[in-house]
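Step one of this worksheet: look at the structure below.
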Amino acid sequence: DTMRRVVRQSKFRHVFGQAVKNDQCYDDIRVSRVTWDSSFCAVNPRFVAIIVDASGGGAFLVLPLHKTGRIDKSYPTVCGHTGPVLDIDWCPHNDQVIASGSEDCTVMVWQIPENGLTLSLTEPVVVLEGHSKRVGIVAWHPTARNVLLSAGCDNAIIIWNVGTGEALINLDDMHVDMIFNVSWNRNGSLICTASKDKKVRVIDPRKQEIVAEKEKTHEGARPMRAIFLADGNIFTTGFSRMSERQLALWNPKNMEEPIALHEMDTSNGVLLPFYDPDTNIIYLCGKGDSSIRYFEITDESPYVHYLNTFSSKEPQRGMGFMPKRGLDVNKCEIARFFKLHERKCEPIIMTVPRKSDLFQDDLYPDTAGPEAALEAEEWFEGKNADPLLISLKHGYIPGKNRDLKVVKKNILDNKPAANKKSDLINAPKKAADASNTQNEAKLDEILKELKSIKDTITNQDERISKLEQQMAKIAD
(Lines give C-alpha, C1' and ligand atoms only; values in the text may rest on other atoms or scores of the structure.)
Protein backbone atom coordinates (compact mmCIF):
# COMPACT_ATOMS: atom_id res chain seq x y z
CA ASP A 1 0.00 0.00 0.00
CA THR A 2 2.84 2.40 0.71
CA MET A 3 3.52 2.18 -3.00
CA ARG A 4 0.15 3.69 -3.83
CA ARG A 5 -0.44 6.17 -1.03
CA VAL A 6 1.86 8.98 -2.07
CA VAL A 7 1.09 10.83 -5.27
CA ARG A 8 4.43 11.32 -6.91
CA GLN A 9 5.42 13.60 -9.73
CA SER A 10 6.28 11.44 -12.72
CA LYS A 11 5.77 11.90 -16.43
CA PHE A 12 4.84 8.22 -16.58
CA ARG A 13 2.01 8.39 -14.09
CA HIS A 14 -0.56 8.51 -16.86
CA VAL A 15 0.87 5.88 -19.18
CA PHE A 16 -2.08 4.01 -20.57
CA GLY A 17 -2.27 0.77 -22.49
CA GLN A 18 -4.56 0.05 -25.38
CA ALA A 19 -5.06 -3.12 -27.40
CA VAL A 20 -5.15 -2.55 -31.17
CA LYS A 21 -8.29 -3.17 -33.23
CA ASN A 22 -9.07 -6.70 -34.27
CA ASP A 23 -7.89 -6.29 -37.86
CA GLN A 24 -4.43 -5.35 -36.60
CA CYS A 25 -3.99 -8.62 -34.69
CA TYR A 26 -2.39 -11.78 -36.05
CA ASP A 27 -5.15 -14.38 -36.08
CA ASP A 28 -5.49 -18.15 -36.25
CA ILE A 29 -2.06 -18.97 -34.86
CA ARG A 30 -1.65 -22.16 -32.86
CA VAL A 31 0.56 -20.88 -30.05
CA SER A 32 2.85 -23.51 -28.55
CA ARG A 33 1.41 -25.50 -25.65
CA VAL A 34 4.76 -26.57 -24.27
CA THR A 35 4.98 -26.16 -20.50
CA TRP A 36 7.97 -23.88 -20.35
CA ASP A 37 8.18 -20.44 -18.77
CA SER A 38 9.61 -18.48 -21.67
CA SER A 39 7.81 -15.68 -23.44
CA PHE A 40 7.20 -17.70 -26.69
CA CYS A 41 7.40 -14.49 -28.72
CA ALA A 42 10.16 -12.17 -29.93
CA VAL A 43 9.75 -8.96 -31.91
CA ASN A 44 11.88 -6.33 -33.62
CA PRO A 45 11.17 -3.39 -35.96
CA ARG A 46 10.63 -5.75 -38.92
CA PHE A 47 9.20 -9.04 -37.68
CA VAL A 48 7.22 -10.79 -34.97
CA ALA A 49 8.29 -14.39 -34.25
CA ILE A 50 5.99 -16.78 -32.38
CA ILE A 51 6.67 -20.34 -31.22
CA VAL A 52 3.84 -22.53 -32.52
CA ASP A 53 2.61 -26.09 -32.09
CA ALA A 54 4.27 -28.36 -34.61
CA SER A 55 3.73 -32.06 -35.06
CA GLY A 56 6.90 -34.10 -34.92
CA GLY A 57 9.39 -31.33 -34.32
CA GLY A 58 9.70 -27.72 -33.36
CA ALA A 59 8.68 -24.65 -35.31
CA PHE A 60 8.10 -20.94 -35.05
CA LEU A 61 6.36 -18.42 -37.27
CA VAL A 62 8.11 -15.28 -38.49
CA LEU A 63 5.67 -12.65 -39.75
CA PRO A 64 6.49 -9.21 -41.17
CA LEU A 65 4.88 -6.71 -38.77
CA HIS A 66 2.40 -5.52 -41.43
CA LYS A 67 1.14 -9.08 -42.12
CA THR A 68 -1.87 -8.75 -39.81
CA GLY A 69 -5.21 -10.52 -40.07
CA ARG A 70 -5.78 -14.23 -40.45
CA ILE A 71 -2.62 -16.25 -40.95
CA ASP A 72 -3.14 -19.13 -43.35
CA LYS A 73 -2.53 -22.62 -41.98
CA SER A 74 -0.07 -23.23 -44.80
CA TYR A 75 1.99 -20.14 -43.95
CA PRO A 76 5.69 -21.12 -43.98
CA THR A 77 7.48 -21.67 -40.66
CA VAL A 78 11.04 -22.00 -39.43
CA CYS A 79 11.12 -25.71 -38.75
CA GLY A 80 14.57 -27.27 -38.52
CA HIS A 81 14.45 -28.49 -34.92
CA THR A 82 13.51 -32.09 -34.20
CA GLY A 83 11.99 -31.24 -30.79
CA PRO A 84 9.75 -28.39 -29.58
CA VAL A 85 11.27 -24.90 -29.64
CA LEU A 86 11.48 -23.45 -26.12
CA ASP A 87 12.97 -19.97 -26.61
CA ILE A 88 13.71 -17.52 -29.42
CA ASP A 89 15.64 -14.23 -29.50
CA TRP A 90 16.24 -11.71 -32.29
CA CYS A 91 19.80 -10.53 -32.77
CA PRO A 92 20.00 -6.88 -31.59
CA HIS A 93 22.50 -6.06 -34.38
CA ASN A 94 20.72 -7.66 -37.32
CA ASP A 95 16.94 -7.64 -37.66
CA GLN A 96 17.00 -10.67 -39.97
CA VAL A 97 18.87 -13.01 -37.64
CA ILE A 98 17.13 -15.01 -34.92
CA ALA A 99 18.34 -17.74 -32.55
CA SER A 100 16.24 -20.62 -31.23
CA GLY A 101 16.80 -23.14 -28.43
CA SER A 102 15.00 -26.46 -28.43
CA GLU A 103 14.23 -29.68 -26.61
CA ASP A 104 16.47 -31.39 -29.17
CA CYS A 105 19.50 -30.02 -27.19
CA THR A 106 20.62 -27.71 -30.00
CA VAL A 107 20.71 -23.98 -30.63
CA MET A 108 20.08 -22.87 -34.21
CA VAL A 109 20.72 -19.46 -35.77
CA TRP A 110 18.57 -18.48 -38.74
CA GLN A 111 18.73 -15.79 -41.41
CA ILE A 112 15.25 -14.59 -42.39
CA PRO A 113 14.86 -13.17 -45.93
CA GLU A 114 14.36 -9.40 -46.03
CA ASN A 115 10.65 -9.54 -46.87
CA GLY A 116 9.84 -12.55 -44.73
CA LEU A 117 9.41 -16.21 -45.58
CA THR A 118 7.88 -17.46 -48.80
CA LEU A 119 8.90 -21.06 -48.16
CA SER A 120 9.42 -22.91 -44.90
CA LEU A 121 12.97 -22.56 -43.62
CA THR A 122 14.64 -25.82 -42.60
CA GLU A 123 18.32 -24.94 -42.99
CA PRO A 124 19.81 -22.79 -40.22
CA VAL A 125 22.93 -20.73 -40.91
CA VAL A 126 24.60 -22.60 -38.10
CA VAL A 127 23.74 -25.34 -35.56
CA LEU A 128 25.40 -24.93 -32.16
CA GLU A 129 25.81 -28.25 -30.38
CA GLY A 130 27.18 -28.54 -26.87
CA HIS A 131 24.29 -29.01 -24.45
CA SER A 132 23.43 -32.49 -23.25
CA LYS A 133 19.83 -31.64 -22.29
CA ARG A 134 17.14 -29.36 -23.71
CA VAL A 135 18.04 -25.73 -24.29
CA GLY A 136 15.48 -23.42 -22.67
CA ILE A 137 17.20 -20.03 -22.87
CA VAL A 138 18.92 -18.10 -25.66
CA ALA A 139 20.10 -14.48 -25.25
CA TRP A 140 22.25 -12.36 -27.56
CA HIS A 141 25.03 -10.19 -26.18
CA PRO A 142 23.79 -6.56 -26.06
CA THR A 143 26.85 -4.89 -27.60
CA ALA A 144 29.18 -7.46 -29.20
CA ARG A 145 28.43 -8.83 -32.66
CA ASN A 146 27.68 -12.55 -33.02
CA VAL A 147 28.01 -13.42 -29.33
CA LEU A 148 25.16 -15.66 -28.15
CA LEU A 149 24.48 -17.22 -24.77
CA SER A 150 22.48 -20.39 -24.27
CA ALA A 151 21.43 -22.16 -21.07
CA GLY A 152 20.12 -25.70 -20.86
CA CYS A 153 18.58 -28.15 -18.44
CA ASP A 154 22.07 -29.62 -18.05
CA ASN A 155 22.57 -26.55 -15.75
CA ALA A 156 25.26 -25.27 -18.13
CA ILE A 157 25.62 -21.87 -19.77
CA ILE A 158 27.53 -21.77 -23.05
CA ILE A 159 28.67 -18.58 -24.78
CA TRP A 160 29.16 -18.98 -28.52
CA ASN A 161 30.93 -17.08 -31.23
CA VAL A 162 28.23 -17.47 -33.87
CA GLY A 163 30.58 -16.17 -36.59
CA THR A 164 32.77 -19.26 -36.21
CA GLY A 165 30.21 -21.67 -34.76
CA GLU A 166 32.39 -22.30 -31.69
CA ALA A 167 31.58 -22.59 -28.01
CA LEU A 168 34.15 -20.26 -26.41
CA ILE A 169 33.00 -20.25 -22.79
CA ASN A 170 31.33 -23.12 -20.98
CA LEU A 171 30.07 -22.43 -17.45
CA ASP A 172 29.02 -25.91 -16.45
CA ASP A 173 29.93 -26.06 -12.77
CA MET A 174 28.25 -22.95 -11.36
CA HIS A 175 24.65 -24.11 -11.11
CA VAL A 176 23.57 -27.18 -9.19
CA ASP A 177 19.95 -26.87 -10.24
CA MET A 178 17.79 -25.68 -13.12
CA ILE A 179 18.49 -22.20 -14.48
CA PHE A 180 15.25 -20.18 -14.76
CA ASN A 181 16.66 -17.20 -16.61
CA VAL A 182 19.83 -15.38 -17.61
CA SER A 183 20.23 -11.63 -18.15
CA TRP A 184 23.17 -9.63 -19.57
CA ASN A 185 24.04 -6.29 -18.00
CA ARG A 186 24.02 -3.08 -20.06
CA ASN A 187 27.48 -3.48 -21.59
CA GLY A 188 27.53 -7.28 -21.52
CA SER A 189 30.43 -7.62 -19.08
CA LEU A 190 28.38 -9.61 -16.53
CA ILE A 191 25.39 -11.91 -16.46
CA CYS A 192 22.95 -12.62 -13.66
CA THR A 193 21.01 -15.84 -13.30
CA ALA A 194 18.06 -17.06 -11.25
CA SER A 195 18.04 -20.73 -10.42
CA LYS A 196 15.81 -23.38 -8.87
CA ASP A 197 18.07 -23.47 -5.77
CA LYS A 198 16.57 -20.00 -4.96
CA LYS A 199 19.92 -18.31 -5.60
CA VAL A 200 20.61 -15.30 -7.76
CA ARG A 201 24.19 -15.30 -9.04
CA VAL A 202 26.17 -12.52 -10.68
CA ILE A 203 28.79 -14.07 -12.95
CA ASP A 204 31.77 -12.68 -14.86
CA PRO A 205 31.61 -15.06 -17.83
CA ARG A 206 35.09 -14.36 -19.19
CA LYS A 207 36.82 -14.86 -15.84
CA GLN A 208 34.40 -17.76 -15.25
CA GLU A 209 33.77 -16.72 -11.67
CA ILE A 210 30.80 -15.85 -9.47
CA VAL A 211 31.10 -12.19 -8.44
CA ALA A 212 28.12 -12.09 -6.07
CA GLU A 213 25.29 -14.35 -5.02
CA LYS A 214 22.22 -14.25 -2.84
CA GLU A 215 20.67 -17.34 -1.25
CA LYS A 216 16.90 -17.49 -0.83
CA THR A 217 16.37 -14.37 -2.93
CA HIS A 218 12.68 -15.29 -2.68
CA GLU A 219 11.69 -17.96 -0.19
CA GLY A 220 8.99 -19.63 -2.30
CA ALA A 221 9.68 -22.70 -4.42
CA ARG A 222 8.13 -21.44 -7.65
CA PRO A 223 10.26 -20.02 -10.50
CA MET A 224 12.08 -16.69 -10.12
CA ARG A 225 13.38 -14.17 -12.61
CA ALA A 226 16.37 -11.81 -12.27
CA ILE A 227 17.32 -9.02 -14.67
CA PHE A 228 20.01 -6.36 -14.73
CA LEU A 229 18.94 -2.70 -14.75
CA ALA A 230 20.86 0.05 -16.53
CA ASP A 231 22.48 1.27 -13.29
CA GLY A 232 23.86 -2.18 -12.48
CA ASN A 233 21.25 -3.07 -9.85
CA ILE A 234 19.26 -6.29 -10.16
CA PHE A 235 15.47 -6.61 -10.22
CA THR A 236 13.93 -9.95 -9.25
CA THR A 237 10.47 -11.48 -9.23
CA GLY A 238 9.55 -14.59 -7.28
CA PHE A 239 7.31 -16.01 -4.56
CA SER A 240 7.22 -15.72 -0.78
CA ARG A 241 6.96 -18.73 1.49
CA MET A 242 3.20 -18.11 1.57
CA SER A 243 3.14 -18.27 -2.26
CA GLU A 244 2.58 -14.54 -2.66
CA ARG A 245 4.21 -13.03 -5.70
CA GLN A 246 7.06 -10.67 -4.84
CA LEU A 247 9.33 -8.21 -6.56
CA ALA A 248 12.64 -6.99 -5.19
CA LEU A 249 15.54 -4.69 -6.03
CA TRP A 250 19.14 -5.62 -5.15
CA ASN A 251 22.55 -4.01 -5.19
CA PRO A 252 25.02 -6.69 -6.39
CA LYS A 253 27.80 -5.05 -4.35
CA ASN A 254 25.84 -5.84 -1.19
CA MET A 255 23.30 -8.63 -1.55
CA GLU A 256 22.61 -9.05 2.18
CA GLU A 257 19.34 -7.10 2.18
CA PRO A 258 17.20 -5.98 -0.76
CA ILE A 259 16.97 -2.25 -1.54
CA ALA A 260 13.22 -2.82 -1.82
CA LEU A 261 10.90 -5.81 -1.48
CA HIS A 262 7.18 -5.73 -2.27
CA GLU A 263 4.42 -8.31 -2.05
CA MET A 264 2.00 -8.30 -4.97
CA ASP A 265 -0.78 -10.91 -4.92
CA THR A 266 -1.34 -14.64 -4.60
CA SER A 267 -1.68 -15.57 -8.25
CA ASN A 268 0.55 -18.47 -9.29
CA GLY A 269 1.71 -17.38 -12.77
CA VAL A 270 5.42 -16.68 -13.16
CA LEU A 271 6.05 -12.93 -13.52
CA LEU A 272 8.02 -12.16 -16.69
CA PRO A 273 9.75 -8.77 -16.31
CA PHE A 274 10.30 -6.57 -19.38
CA TYR A 275 12.60 -3.63 -18.80
CA ASP A 276 13.05 -0.37 -20.69
CA PRO A 277 16.44 1.13 -19.77
CA ASP A 278 15.58 4.49 -21.39
CA THR A 279 12.62 5.25 -19.12
CA ASN A 280 13.53 2.93 -16.23
CA ILE A 281 10.10 1.33 -16.37
CA ILE A 282 9.56 -2.36 -15.66
CA TYR A 283 6.50 -4.11 -17.03
CA LEU A 284 5.45 -7.32 -15.30
CA CYS A 285 3.47 -9.82 -17.34
CA GLY A 286 2.34 -12.89 -15.43
CA LYS A 287 1.94 -16.05 -17.48
CA GLY A 288 -1.76 -16.85 -17.34
CA ASP A 289 -2.60 -13.35 -16.03
CA SER A 290 -4.77 -10.99 -18.00
CA SER A 291 -2.92 -7.87 -16.89
CA ILE A 292 0.37 -6.03 -17.30
CA ARG A 293 1.53 -4.07 -14.25
CA TYR A 294 4.17 -1.42 -14.60
CA PHE A 295 6.55 0.23 -12.18
CA GLU A 296 9.07 3.04 -12.34
CA ILE A 297 12.47 2.48 -10.73
CA THR A 298 14.08 5.58 -9.18
CA ASP A 299 16.82 6.24 -6.64
CA GLU A 300 14.46 7.58 -3.97
CA SER A 301 12.45 5.48 -1.54
CA PRO A 302 10.46 3.27 -2.09
CA TYR A 303 12.66 2.85 -5.24
CA VAL A 304 10.05 0.72 -7.03
CA HIS A 305 7.00 2.91 -7.70
CA TYR A 306 3.76 1.34 -8.87
CA LEU A 307 2.43 3.25 -11.90
CA ASN A 308 -0.60 1.41 -13.20
CA THR A 309 -2.11 -1.82 -14.50
CA PHE A 310 -3.31 -2.59 -18.00
CA SER A 311 -6.11 -5.16 -17.73
CA SER A 312 -7.88 -7.18 -20.37
CA LYS A 313 -10.25 -10.13 -20.39
CA GLU A 314 -8.05 -12.82 -21.91
CA PRO A 315 -5.10 -14.47 -20.11
CA GLN A 316 -1.70 -14.29 -21.81
CA ARG A 317 0.20 -17.37 -22.97
CA GLY A 318 3.33 -15.37 -23.69
CA MET A 319 4.52 -11.88 -24.54
CA GLY A 320 6.84 -10.10 -26.95
CA PHE A 321 8.42 -6.70 -26.21
CA MET A 322 9.36 -4.33 -29.02
CA PRO A 323 12.78 -2.61 -28.85
CA LYS A 324 12.55 1.19 -28.61
CA ARG A 325 13.52 1.79 -32.23
CA GLY A 326 10.41 -0.06 -33.38
CA LEU A 327 7.96 2.34 -31.69
CA ASP A 328 5.94 5.21 -33.15
CA VAL A 329 7.49 8.33 -31.60
CA ASN A 330 4.85 10.59 -33.20
CA LYS A 331 2.17 8.95 -31.07
CA CYS A 332 4.24 9.16 -27.83
CA GLU A 333 4.31 5.36 -27.76
CA ILE A 334 6.78 4.26 -25.05
CA ALA A 335 6.24 0.48 -25.21
CA ARG A 336 4.54 -2.10 -27.41
CA PHE A 337 3.71 -5.62 -26.32
CA PHE A 338 2.69 -8.56 -28.45
CA LYS A 339 0.36 -10.60 -26.29
CA LEU A 340 -0.16 -14.25 -27.16
CA HIS A 341 -3.61 -15.76 -26.71
CA GLU A 342 -4.37 -19.36 -27.49
CA ARG A 343 -5.08 -18.64 -31.15
CA LYS A 344 -3.84 -15.13 -31.81
CA CYS A 345 -1.26 -12.47 -31.15
CA GLU A 346 -2.55 -9.04 -30.09
CA PRO A 347 -0.37 -5.91 -30.03
CA ILE A 348 -0.84 -3.65 -26.99
CA ILE A 349 0.38 -0.09 -27.21
CA MET A 350 1.52 1.95 -24.18
CA THR A 351 1.43 5.71 -24.63
CA VAL A 352 2.03 8.84 -22.58
CA PRO A 353 -0.72 11.32 -23.48
CA ARG A 354 0.72 14.65 -24.67
CA LYS A 355 -1.03 17.58 -26.30
CA SER A 356 1.87 18.63 -28.52
CA ASP A 357 2.69 16.97 -31.84
CA LEU A 358 6.38 17.81 -31.50
CA PHE A 359 9.03 15.20 -30.73
CA GLN A 360 9.05 14.63 -26.97
CA ASP A 361 12.75 14.36 -26.21
CA ASP A 362 12.17 13.71 -22.50
CA LEU A 363 10.30 10.49 -23.41
CA TYR A 364 12.90 9.43 -25.98
CA PRO A 365 16.49 9.81 -24.82
CA ASP A 366 18.97 8.36 -27.32
CA THR A 367 18.44 4.60 -27.40
CA ALA A 368 20.47 1.52 -28.31
CA GLY A 369 20.83 1.35 -32.09
CA PRO A 370 21.40 -1.68 -34.32
CA GLU A 371 25.17 -1.22 -34.70
CA ALA A 372 27.38 -3.53 -32.61
CA ALA A 373 29.94 -1.68 -30.47
CA LEU A 374 32.42 -4.58 -30.49
CA GLU A 375 33.33 -7.58 -32.60
CA ALA A 376 33.04 -11.01 -30.95
CA GLU A 377 36.83 -11.45 -30.81
CA GLU A 378 37.32 -8.12 -29.00
CA TRP A 379 34.78 -9.08 -26.35
CA PHE A 380 36.27 -12.52 -25.79
CA GLU A 381 39.69 -10.82 -25.41
CA GLY A 382 38.32 -8.72 -22.54
CA LYS A 383 37.05 -5.47 -24.06
CA ASN A 384 33.78 -3.87 -22.94
CA ALA A 385 31.65 -1.22 -24.63
CA ASP A 386 28.30 0.40 -23.95
CA PRO A 387 25.57 0.20 -26.61
CA LEU A 388 25.97 2.65 -29.51
CA LEU A 389 23.05 5.06 -29.18
CA ILE A 390 20.87 6.64 -31.87
CA SER A 391 18.34 9.47 -31.76
CA LEU A 392 14.70 8.70 -32.57
CA LYS A 393 13.92 12.33 -33.37
CA HIS A 394 13.08 11.58 -37.00
CA GLY A 395 11.85 8.06 -36.36
CA TYR A 396 13.91 4.95 -37.01
CA ILE A 397 14.51 3.84 -40.59
CA PRO A 398 15.79 0.26 -40.73
CA GLY A 399 18.99 0.05 -42.79
CA LYS A 400 20.36 -2.83 -44.85
CA ASN A 401 21.43 -5.79 -42.74
CA ARG A 402 24.53 -7.64 -43.69
CA ASP A 403 24.14 -11.39 -44.13
CA LEU A 404 25.33 -13.55 -41.27
CA LYS A 405 28.40 -15.40 -42.51
CA VAL A 406 29.70 -18.31 -40.48
CA VAL A 407 33.31 -19.24 -41.09
CA LYS A 408 33.92 -22.57 -39.37
CA LYS A 409 37.50 -22.72 -38.13
CA ASN A 410 39.59 -25.56 -39.45
CA ILE A 411 39.28 -28.33 -36.87
CA LEU A 412 43.01 -29.06 -37.27
CA ASP A 413 43.84 -25.59 -35.98
CA ASN A 414 42.74 -26.48 -32.47
CA LYS A 415 44.06 -30.02 -32.42
CA PRO A 416 44.75 -31.59 -29.02
CA ALA A 417 48.29 -30.95 -27.76
CA ALA A 418 48.96 -34.69 -27.60
CA ASN A 419 49.35 -34.86 -31.38
CA LYS A 420 52.94 -33.83 -31.80
CA LYS A 421 53.60 -31.90 -35.00
CA SER A 422 55.99 -34.59 -36.29
CA ASP A 423 53.25 -37.23 -35.97
CA LEU A 424 50.92 -35.11 -38.07
CA ILE A 425 53.53 -34.42 -40.72
CA ASN A 426 54.43 -38.10 -41.03
CA ALA A 427 50.82 -39.28 -40.99
CA PRO A 428 50.34 -40.75 -44.47
CA LYS A 429 47.97 -38.94 -46.79
CA LYS A 430 46.47 -42.31 -47.71
CA ALA A 431 44.68 -42.51 -44.37
CA ALA A 432 42.81 -39.31 -45.17
CA ASP A 433 41.88 -40.55 -48.64
CA ALA A 434 40.73 -43.88 -47.28
CA SER A 435 38.54 -42.20 -44.67
CA ASN A 436 37.05 -39.96 -47.40
CA THR A 437 36.11 -43.00 -49.49
CA GLN A 438 34.62 -44.65 -46.40
CA ASN A 439 32.60 -41.52 -45.63
CA GLU A 440 31.28 -41.34 -49.17
CA ALA A 441 30.24 -44.98 -49.08
CA LYS A 442 28.54 -44.41 -45.74
CA LEU A 443 26.74 -41.33 -47.12
CA ASP A 444 25.46 -43.33 -50.11
CA GLU A 445 24.21 -46.01 -47.74
CA ILE A 446 22.39 -43.45 -45.57
CA LEU A 447 20.85 -41.74 -48.62
CA LYS A 448 19.60 -45.10 -49.94
CA GLU A 449 18.09 -45.94 -46.57
CA LEU A 450 16.47 -42.49 -46.38
CA LYS A 451 14.97 -42.96 -49.84
CA SER A 452 13.56 -46.38 -48.95
CA ILE A 453 12.03 -44.97 -45.74
CA LYS A 454 10.47 -42.10 -47.70
CA ASP A 455 9.03 -44.58 -50.25
CA THR A 456 7.59 -46.68 -47.42
CA ILE A 457 5.97 -43.58 -45.92
CA THR A 458 4.45 -42.61 -49.27
CA ASN A 459 3.03 -46.14 -49.72
CA GLN A 460 1.61 -46.14 -46.20
CA ASP A 461 0.05 -42.70 -46.82
CA GLU A 462 -1.69 -44.02 -49.92
CA ARG A 463 -2.84 -47.07 -48.01
CA ILE A 464 -4.21 -44.95 -45.17
CA SER A 465 -6.16 -42.69 -47.54
CA LYS A 466 -7.64 -45.77 -49.30
CA LEU A 467 -8.68 -47.24 -45.95
CA GLU A 468 -10.18 -43.88 -44.94
CA GLN A 469 -12.21 -43.82 -48.17
CA GLN A 470 -13.46 -47.37 -47.46
CA MET A 471 -14.37 -46.32 -43.91
CA ALA A 472 -16.26 -43.31 -45.25
CA LYS A 473 -18.21 -45.54 -47.65
CA ILE A 474 -19.13 -47.97 -44.87
CA ALA A 475 -20.15 -45.07 -42.60
CA ASP A 476 -22.35 -43.62 -45.36
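The values are calculated or read from the model by the stated rules, or taken from the named source; none is laboratory data. Keep in mind that what you see is a predicted model, and the values were worked out from it rather than measured. We place every Cβ from the backbone using ideal geometry, glycine too, and count neighbours over all the protein chains shown. In case anyone asks, the SASA skips ligands and DNA or RNA and just uses the protein heavy atoms, side chains included. Shrake-Rupley method; radii C 1.70, N 1.55, O 1.52, S 1.80 Å.
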How much accessible area per residue does segment 88-146 have, in Å², with a 1.4 Å probe? 34
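Expressed in nm to one decimal, what extension gain is obtained for the pair ILE210 and LYS451 from 0.36 nm per residue of sequence separation less their Cα-Cα distance? Write out the running numbers ahead of the final one.
Values: separation 241, 0.36 × 241 = 86.76 nm, distance 5.11 nm.
My answer for the length gained is 81.6 nm.
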What length, rounded to one decimal in nm, is gained on full extension from GLU381 through to ASP299, with 0.36 nm per residue of separation minus their alpha-carbon distance? 26.1 nm
Could you pull out which residues in segment 46-68 have an amide N less than 12 Å from a spot 7 Å beyond the Cα of ARG343, following the Cα-Cβ vector? none
Residues whose built amide H sits under 5 Å from the amide H of ASP154, excluding neighbours closer than 5 in sequence, are SER132, LYS133
Measuring from centroid to centroid over Cα atoms, what is the spacing of segment 124-145 and segment 336-357 in Å? 29
What's the carbon and sulfur percent of segment 14-366's accessible surface, probe 1.4 angstrom, rounded to a whole number? 45
Which of the lysines could a cross-linker bridge to LYS442, judged by Cα under 21 Å and excluding same-chain residues fewer than eight apart? LYS429, LYS430, LYS451, LYS454
Once phi is turned into ³J(HN,Hα) by the Karplus curve 6.51 cos²θ - 1.76 cosθ + 1.60 with θ = phi - 60°, what whole-Hz value does each residue of segment 79-89 show in order, with x for glycine and proline? 9, x, 6, 9, x, x, 7, 10, 8, 9, 8
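Using Cα-Cα distances under 8 Å and only pairs 6 or more residues apart, what relative contact order does segment 94-177 have, in percent? All intermediate terms of the calculation are to be shown ahead of the outcome.
Working: 171 pairs, mean separation 18.4, N = 84.
After rounding, I find 22 percent.
Please compute the volume of the convex hull spanned by the alpha-carbon atoms of the chain and report it per residue in Å³.
Numbers: hull volume 88.2 nm³, N = 476.
Normalising the Cα hull of the chain by residue number yields 185 Å³.
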Please label the shape of segment 190-258 as rounded, prolate or oblate, based on the square roots a ≥ b ≥ c of the eigenvalues of the alpha-carbon gyration tensor (a/c under 1.5 means rounded; beyond that, a/b larger than b/c means prolate, else oblate). prolate
How far, in degrees from 0 to 90, does helix 429-475 lean away from the longest principal axis of the Cα atoms of the chain, to the nearest 10? 70
Using θ = phi - 60° and the Karplus curve 6.51 cos²θ - 1.76 cosθ + 1.60, what whole-Hz ³J(HN,Hα) does each residue of segment 118-130 get, with Gly and Pro shown as x? 10, 10, 5, 9, 10, 9, x, 5, 8, 10, 9, 10, x
Please state the relative contact order of segment 226-281 as a whole percent: Cα pairs under 8 Å, 6+ residues apart? 30
Could you give the spread of the C-alpha atoms of segment 255-371 along their three principal axes, from largest to smallest, in whole angstroms? 43, 43, 33
How high is the relative contact order of the chain, given as a whole-number percent (alpha carbon pairs under 8 Å, six or more residues apart)? 14
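First check a/c for segment 310-410, with a ≥ b ≥ c the square roots of the eigenvalues of its C-alpha gyration tensor; if it is under 1.5, answer rounded, and if not, answer prolate when a/b is larger than b/c or oblate otherwise.
Numbers: a/c = 2.58, a/b = 1.41, b/c = 1.83.
Oblate shape, in that a/c is at least 1.5 and b/c is the bigger or equal ratio.
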Keeping all protein chains in position, work out how much accessible area SER74 exposes to a 1.4 Å probe, and write it in Å² to the nearest 10. 90
Stretchable slack from SER312 to LYS466, in nm (0.36 nm times residue separation minus alpha-carbon distance): 50.6 nm
Note to self, the chain gives a 222 nm [θ] from helices alone (DSSP H runs n ≥ 4, -39500 (n - 2.57) apiece, / all residues, nearest 500) of -4500 deg cm²/dmol
Given a Förster distance of 45 angstrom, what is the FRET efficiency for LEU168 paired with ALA475, based on the Cβ-Cβ distance and rounded to 0.05? 0.15
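Using a 1.4 angstrom probe, figure out how much accessible area segment 222-308 has per residue, in square angstrom, rounded to the nearest whole. Mind dumping the intermediate values first?
Numbers: 3310 Å² over 87 residues.
Result: 38 Å² of accessible area for each residue.
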Whole-Hz Karplus couplings 3J(HN,Hα) for segment 232-241, θ = phi - 60° and coefficients 6.51, -1.76, 1.60, Gly and Pro as x, run x, 6, 10, 10, 10, 10, x, 10, 7, 5
